[in-house]
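What follows is a short report on a single structure.
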Amino acid sequence: MTLRYGVIGTGNMGQEHIRNLGAVDGVEVTAVADTDAGMREKAEALTGLTAYPDYRDMLGAETLDALVIASPNHTHRSILADAVATDLPIIVEKPLCSTVEDCQAVIAAASSRAAPVWVAMEYRFMPPVTRLIEEVRKGTVGQLRMLAIREHRFPFLDKVGAWNRLSALSGGTMVEKCCHFFDLMRLITNSDPVRLYATGGQDVNHLDETVDGQAADVVDNAFVAVDFANGTRAMLDLCMFAEASRDQEEITVTGDGGKVECGIPSSRLSIGKRGFVNRMGDILPMLSEHIPVDEKLLQIGDHHGATYFEHVAFRDMIRTGGRPAVTLDDGLRAVAMGQAAERSIREHAAIVL
Ligand SMILES: NC(=O)c1ccc[n+]([C@@H]2O[C@H](COP(=O)([O-])OP(=O)(O)OC[C@H]3O[C@@H](n4cnc5c(N)ncnc54)[C@H](O)[C@@H]3O)[C@@H](O)[C@H]2O)c1
């Protein structure tokens, strides 16, 4: 049976979901909703459907098997309040909400439902990242000690209503953007953070922009150092005025036995073992390989094929009745780390989590 999906919010990310769902076997987008007329038109052009201006009318009128929520961060709490009242599996874009308090309200509202809620964390599903995590799990680096994540990229894109320019709406850059990296840190270290220190600021981007009379106030560069309960140290290096970079994301995992690193979009993965010497006597990575991603998947999304792989896993969960790969609790913890990093930047102080 083809699973029928309803998509709420059909801006940048909602359209990426629609295009990727078109590539996944056994699913079909059968309803879409967006408050913005221009984005409704785009969704209608992609799907051939008539889009609903109000998602509540969509929920009342349509027979669906799953919901995708890709509206702005500050709308997740109220939209989820209606969505969790249905019995449909839900995939909601990161961050789960823009504040910890809102995440907790959603978790409380969802506590009695049987159907799963999956928080979309696309970076987990990028093929080079998936492979890096497999290597760490296999013990390739030995005892994991350090994890470094660098994102050096272009400034925030334009969004409907410019919601990503105001921390009050997005949660701030550490929540909005970096929840991905905090989620990856928890996943890769297999531990939870105990303390973090962040230094950052808004030094280059959006300096003269205002939204409804309010000045844009989002951090555009930061270093965040995190101590994890199992003794692993992690660090994030974010720069959003660094589009002239070889790779946008670089992840390096180092343990007492070696190192695994990957880069995106180059899709390179290298593995080095301490003490490994090649025939020439050089100490080099043992392996450096290109992780292939289907060109079609690269074209239909901005996340290195990840949205497709995430949807295949979400569909399989619906079919088999399994658990979400990224739970509401994971979503909450990533927001909590982001909120702590925002506070650390403001207060110039380490935050105990
Ligand atoms: N996983 C990722 O890497 C990634 C990338 C981009 C965006 N996102 C997330 O996806 C979500 C959407 O971001 P975007 O980039 O598509 O923003 P966007 O502004 O391009 O699109 C959001 C859409 O939601 C619509 N909307 C607002 N309120 C609504 C409501 N009450 N009901 C229905 N539609 C509503 C807007 O009109 C707009 O079309 C955000 O939570 C964002 O953080 C995730």
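The table below gives the values:
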read-out	value
The one condition in (1) touching a Cys at 6+ places or on another chain (Cβ under 9 Å); (2) charged (D, E, K, R); (3) open to solvent by less than 30 Å² (accessible area, probe 1.4 Å) that residue 150 fails to fulfil	(3)
Unique match (being within 8 Å of the ligand (Cβ to nearest atom) and under 19 Å from residue 3 (Cβ atoms)) among 70, 61	70
Residues of region 259-318 classified as open to solvent by 50 Å² or more (accessible area, probe 1.4 Å), hydrophobic (A, V, I, L, M, F, W, C) and within 18 Å of the chain's Cα centre (by Cα), total	2
The one condition in (1) touching a Cys at 6+ places or on another chain (Cβ under 9 Å); (2) under 16 Å from residue 11 (Cα atoms); (3) buried (at least 20 other Cβ atoms within 10 Å of the Cβ) that residue 43 fails to fulfil	(1)
Condition broken by residue 191, with the remaining ones in (1) closer than 23 Å to residue 291 by Cβ; (2) away from the ligand (no atom under 16 Å from the Cβ); (3) among the small types (Gly, Ala, Ser) satisfied	(1)
Any hit, region 222-241, residues being free of Cβ contacts under 8 Å to residues at least 40 places away in the same chain, surrounded by 14 or more Cβ atoms within 10 Å (Cβ to Cβ) and assigned to a loop (DSSP other than H, G, I, E, B)	no
Within region 14-40, considering residues that are aliphatic (A, V, I, L, M), within 14 Å of the ligand (Cβ to nearest atom) and open to solvent by less than 40 Å² (accessible area, probe 1.4 Å), the one farthest from the chain's Cα centre (by Cα)	31
Any hit, region 262-279, residues being under 20 Å from residue 176 (Cβ atoms) and either away from the ligand (no atom under 16 Å from the Cβ) or modelled with pLDDT of 95 or more (or both)	yes
Considering residues of region 147-181 that are more than 20 Å from residue 215 (Cα to Cα) and touching a Gly at 6+ places or on another chain (Cβ under 8 Å) only, the residue farthest from the ligand (Cβ to nearest atom)	178
Scope region 85-106; condition outside any loop (DSSP other than H, G, I, E, B), farther than 15 Å from residue 314 by Cβ and open to solvent by less than 10 Å² (accessible area, probe 1.4 Å); matching residues	103, 106
Only one of 283, 264 that is hydrophobic (A, V, I, L, M, F, W, C) and in contact (Cβ under 8 Å) with a residue 24 or more places away in the chain	264
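The values are calculated or read from the model by the stated rules, or taken from the named source; none is laboratory data. Values in this document were obtained by computation on a predicted structure and should not be read as measured data. Neighbour counts run over all protein chains shown; Cβ positions are idealised from the backbone, glycine included. Quick note on the areas: whole protein, heavy atoms, side chains included, nothing else; ligands and nucleic acids left out. Shrake-Rupley method; radii C 1.70, N 1.55, O 1.52, S 1.80 Å.
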